[in-house]
Amino acid sequence: MSWIAQQDLLEQPEISHGEVGQALDLASDLVIRNLPAFTRYFPKAYSEGGFYAATENVDWTTGFWTGEVWLAYEHTGKEELLKAGMVQMTSFLERIEQKRDVGTHDLGFLYSPSCVAGYKLTGSEVGRRAALMAAEELTGRFHEKGEFIQAWGALDAGDNYRLIIDCLLNLPLLYWASEETGEERYRAVAEKHIHTALANVVREDFSTWHTYFFDRETGKPDHGATCQGYRDGSAWARGQAWGVYGTAIGYRYTKREEYIAVFEGVTDYFLRHLPQDLVPFWDLEFGDGDQQPRDSSSAAIAACGMLEMAKYLDEERAAYYQGMAGRLMKSLVDSYAVKDGAISNGLVLHSTYSNHSPFNTCNHYGVDECNIWGDYFYMEALTRLHKDWQVYW
């Protein structure tokens, strides 16, 4: 295996403003093309043979599709996108009112890009009510012993007393709820969780654990593990990307200076383990020469994180991370983006949802396909590069 050298990385071309605009035009057109199939229904989490099937509003991923709708609406102003977003916010309100498939920490993934975004863009009371109910539901997964939000499973399950790195992107829902209501309890949960998470999921070399377990009786940290990475000691690419973006978001809301060093360490580890075309394999253990699938979604997530954190850094460091994000997006736009809706109804090819290995417990699905969060974060990164974007998170 081999990874790109730092000098070679710096010599890769950045995406131009014109290329960003063209890519965002095309992505928005593809979203509009999909509205007849995906207004009252949602795309499944991952494509099969390049095409998403329609599903009800279930699973942890449907909010990303509504986020694409809102990003396309911001870019084009087209009425059909506004109408679709409104329909989908009603679906999310019904889902949280009925508590349908909401026993998860992923309520931020579900409600930030759908209902918080819709409320910010339109003032919708449906969106506001749904997002506040989701924030309340999310606080119910917080454990005082250990001070973290439990990822999966019943809260009294003996083998699930754990957090996962993905949850860093669920916390903005709680920060928003505090800002919206003036109730500090939402923020308190978020800040306790991020402190616990970053103290445990980031290793000494700034690679990251996917999941971290705690002792149910004492709340003390127990051990790290993986479900979705290649093996326990490796760095699952999407998890590392969640660490990049999640640390940037954490700094955005807390302004804790120590998070800057964590961000830089986690991000630089990610960048040091990229292949020649800058789009990582599904686990950062793998590089050029390994016969392994890519995960294009990780590149888009990390680009968003670098663009967010650049807003808070000195000019030199900001330019460095903006440049790196531009290089990743250049590769995605040139070589991974869907250019023809007849080939796929997604936006970005060659993502990996869940890849089985001899050392993990994953199912094997969504490998070398589109996935809906990869499509969303691709559009978000383009939007960030195109204008001074008011974030949904």
Carbon/sulfur accessible area of the chain, % of total, 1.4 Å probe, equals 48 percent
Would you mind checking the pairs Lys145/Lys192; Lys44/Lys387; Lys311/Lys387; Lys192/Lys220; Lys120/Lys387; Lys311/Lys339 and listing those with alpha carbons more than 21 angstrom apart? Lys44/Lys387; Lys311/Lys339
Which one, Ser234, His273, Gly246, projects farthest toward the positive side of the charge dipole computed for region 141-285 from Cβ point charges (K/R +1, D/E -1)? Gly246
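Under a Cβ-only charge scheme (Lys and Arg +1, Asp and Glu -1), can you give me the dipole magnitude of region 133-218 about the Cα centre, in debye to the nearest 20?
Result for region 133-218 is approximately 140 debye, rounded to the nearest 20.
Give me the accessible area per residue for the chain, probe 1.4 Å, as a whole number in Å².
37 Å²
Rounded to two decimals, what is Rg over Rh for region 41-171 when you use alpha-carbon atoms and the Kirkwood radius?
Details: Rg = 15.4 Å, Rh = 15.3 Å.
Reported Rg/Rh, Kirkwood definition of Rh: 1.00.
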Stokes-Einstein diffusion coefficient of region 234-359, Kirkwood radius over Cα pairs, 20 °C, 1.002 mPa s, in µm²/s: 143 µm²/s
How far is the Cα center of region 72-151 from the Cα center of region 327-391, in Å? 22 Å
Share (percent) of C-alpha pair distances in region 14-106 greater than 22 Å works out to 33 percent
Loop GluC sites (Glu not before Pro), region 37-97, which have at most 13 other Cβ atoms in a 10 Å radius of their Cβ (DSSP): Glu56
Taking the chain as a Gaussian network, Cα atoms linked when under 10 Å apart, which of Gly146, Gly158, Gly127 shows the biggest mean-square fluctuation? Gly158
Ratio of the chain's C-alpha Rg to 2.2 N^0.38 Å, to two decimals? 0.91
Compute the relative contact order of the chain as a whole-number percentage, counting only Cα pairs closer than 8 Å that sit 6 or more residues apart in sequence. 20 percent
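The values are calculated or read from the model by the stated rules, or taken from the named source; none is laboratory data. Note that the structure is a prediction, hence the values are computed from the model and not measured. Cβ atoms come from the backbone with ideal geometry, glycine included; neighbour counts cover every protein chain shown. These accessible areas exclude ligands, DNA and RNA; they are computed on the full protein's heavy atoms, side chains included. Shrake-Rupley method; radii C 1.70, N 1.55, O 1.52, S 1.80 Å.
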